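Student: The structure that follows is given in the form of structure tokens.
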Amino acid sequence: MTYQVLARTWRPQTFADVIGQEAVVQTLHNALSAGTLGHAYVFSGIRGVGKTTAARLLAKAVNCEKGPAPEPCCQCVSCQEIADGSSLDVVEIDAATHTGVDNVRELQEMLRYRPVRDRYRVIIVDEVHMLSKSAFNALLKSLEEPPPYILWIFATTETHKIPPTILSRCQQLEFRPVQLEKIVERLLAIAADEQFELSRDAASMVARAAQGSVRDALSMVDQMRGFSADSIDADAVAEVLGVPRFEVVIDLISALAGGDGMSGLGMLRSELRAGHDAWVLYQEVGRVLRLLLHLVVNADVAEDLPDDQRQYASGVATDLGAAALIRMAGLWLEHEALVGSADNRELALDVACLRLARWPAVQRVEALLAGELPPAIGGQSQASGSDGPPAPSAGGAHASASPGGRLSSALWAGGRRRLVGAVESAEVQVSGDEIVMEFSTKTKALAVFAQENHGEIEASCREVFGPSTRLTIEIEGGPAESIEGDDPLMRSALEDPGVVLVQKILGGEVISAVPDGDPN
Ligand SMILES: [Zn+2]
């Protein structure tokens, strides 16, 4: 037995079987019941949404022995011949494969004859916008003085290419892209009937990729059945369609939101190595960003997601928050032209990712400039989920329990805010009751500053790590007491928590300090 493709096996035989085109079906049903059928129709819409199918159904409905009726009987000779393409009274022309003078002759030929047996001679012209100018002229004649036994059905994906003189003489019916959920339900029903396994997860991915075309969705499933026999899951779909797994994209976004550009690049590399196209990856990240944005605004958005994926995505969306997601989505969109037109798309994609990863740092500077010094960089954020400035970063997860983060939070909470910057600039290590704050030589002025405020910092250490904690301040291995302070102005600049924060966020060094408040 040869394998018949699904789109063919499952071609609707009645209007009731057509999915996602309720308006069109209703209009045709009404015209058929009321006997007010036009003599020429234009069926327009993207490929694979059922235009040709509906044309054949209409041909059956008007020529059915028991008709004309809103639904063909599917039993009579006429219905059966039309279904298997052998009816002499129903002609299908594909204008895409016929050009020039042939069209004209063919069309004139067709108009000459009355129907052989049925009520109408139905002429279906597929891709009608491809007809030549002279063919359109020949057509126009027939449309101006329509023979009562002719029913024209023109199908097109590009209505705007049909001359207005033709269009104005036809009834136009617009076929819409079929909704995702309807395609998913259709695929699942077919899988159940044909007895192969198709997970809802996989069906959603296919439907999404088909972009409203039922036929495309069915051919993808055909392809996957060839690839993975009789069980199709999300992995198989990802493999065949060349799209990354949902979770991978979410993790990539999380990493970038947390400022972790290196992990982001690593993930991209492995996706590209797995054979995924850079442009597909770019679009997928954009799609998921949009989904997260919708989820954070309304957790019940109708996007068809399996429960586990929805839960995972909702969690991430809530962590990131609307402000961050809006900003990230905006930034991502700015790179569309870059990634789309670059010769080296992989590089353009890397650039887009790294720019996104830098954003959390910029966000902290913005908060700083707005006078809202975040409680702690990478520390436990008390602001998350409440009013106040946006949480410092989504990377909080990995840093929230760090000793430095806990210490700076305590300093902040305890009103010792001018010391936060210094603590943030040091490596804080805890071993037993010993706390060591180590500064690099670049920040030795801060080390001295911290040493001068040893008592206050140690008090905070004790609040966090226990009453018997002792604090030692070091500069790259040596004790801080041995280091002399630099010039006082420079030191006061280095001690300024704002300066410290900017330095920490953007990197770089303070190379000179100028006194402020000087009117000259
Ligand atoms: Zn019939």
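Student: For the stretch 204-230, which positions are of a type in the set (D, E, K, R) and in a helix (DSSP H, G or I)?
Tutor: Within the stretch 204-230, 208, 215, 216, 222, 225 qualify.
Student: Which one of these does residue 155 not meet: (1) surrounded by fewer than 16 Cβ atoms within 10 Å (Cβ to Cβ); (2) not assigned by TED's automatic domain parsing to the domain that holds residue 212?
Tutor: (1) is the only condition that residue 155 fails.
Student: Conditions: (1) within 22 Å of residue 215 (Cβ to Cβ); (2) within 16 Å of the ligand (Cβ to nearest atom). Residue 75 meets all but one. Number of the miss?
Tutor: With (1) within 22 Å of residue 215 (Cβ to Cβ); (2) within 16 Å of the ligand (Cβ to nearest atom) applied to residue 75, the lone miss is (1).
Student: Quick one: what pairs do we get from the stretch 348-360, first residue within 20 Å of residue 322 (Cα to Cα), second open to solvent by 10 Å² or more (accessible area, probe 1.4 Å) and of a type in the set (Asp, Glu), C-beta under 6 Å, 6+ apart or different chains?
Tutor: No pair meets every condition.
Student: Look at residue 201 and say whether it is more than 24 Å from residue 43 (Cβ to Cβ) and either part of a loop (DSSP other than H, G, I, E, B) or open to solvent by 70 Å² or more (accessible area, probe 1.4 Å) (or both).
Tutor: Criteria not met by residue 201.
Student: Still on this structure, I have one more. Considering each of 399, 447 in turn, give the residue that is at pLDDT 70 or above and open to solvent by less than 40 Å² (accessible area, probe 1.4 Å).
Tutor: Exactly one of 399, 447 is at pLDDT 70 or above and open to solvent by less than 40 Å² (accessible area, probe 1.4 Å), namely 447.
Student: Go through the residues of the stretch 41-48 one by one and say whether even a single one is more than 16 Å from the ligand (Cβ to nearest atom), in contact with a Ser or Thr (Cβ under 6 Å, 6 or more places away or on another chain), within 19 Å of residue 215 (Cβ to Cβ) and among the charged types (D, E, K, R).
Tutor: Checked the stretch 41-48: at least one residue is more than 16 Å from the ligand (Cβ to nearest atom), in contact with a Ser or Thr (Cβ under 6 Å, 6 or more places away or on another chain), within 19 Å of residue 215 (Cβ to Cβ) and among the charged types (D, E, K, R).
Student: Now for a separate question. For the stretch 275-284, indicate whether the set of residues that are among the small types (Gly, Ala, Ser), modelled with pLDDT under 85 and open to solvent by 50 Å² or more (accessible area, probe 1.4 Å) is non-empty.
Tutor: yes
Student: Can you name the condition, by its number, that residue 105 falls short on among (1) surrounded by fewer than 18 Cβ atoms within 10 Å (Cβ to Cβ); (2) within 16 Å of the ligand (Cβ to nearest atom)?
Tutor: Checking residue 105 against (1) surrounded by fewer than 18 Cβ atoms within 10 Å (Cβ to Cβ); (2) within 16 Å of the ligand (Cβ to nearest atom), the one that fails is (2).
Student: Between a residue in the stretch 74-99 that is under 20 Å from residue 115 (Cβ atoms) and any residue that is within 16 Å of the ligand (Cβ to nearest atom) and acidic (Asp, Glu), which pairs come within a Cβ distance under 6 Å, given they are 6 or more apart or on different chains?
Tutor: Close Cβ pairs satisfying both conditions: 76/65; 78/65; 78/118; 87/81; 89/118.
Student: Also, I was wondering about something else. Got a sec? Which of 68, 115 is more than 41 Å from the chain's Cα centre (by Cα), open to solvent by less than 40 Å² (accessible area, probe 1.4 Å), farther than 23 Å from residue 183 by Cα and within 16 Å of the ligand (Cβ to nearest atom)?
Tutor: Sole residue among the options that is more than 41 Å from the chain's Cα centre (by Cα), open to solvent by less than 40 Å² (accessible area, probe 1.4 Å), farther than 23 Å from residue 183 by Cα and within 16 Å of the ligand (Cβ to nearest atom): 115.
The values are calculated or read from the model by the stated rules, or taken from the named source; none is laboratory data. Quick caveat: nothing in here was measured; it's all calculated off a predicted structure. All Cβ positions, glycine included, derive from the backbone under ideal geometry; neighbour counts span all protein chains shown. All accessible areas refer to the heavy atoms of the entire protein, side chains included, with ligands and DNA or RNA removed. Shrake-Rupley method; radii C 1.70, N 1.55, O 1.52, S 1.80 Å.
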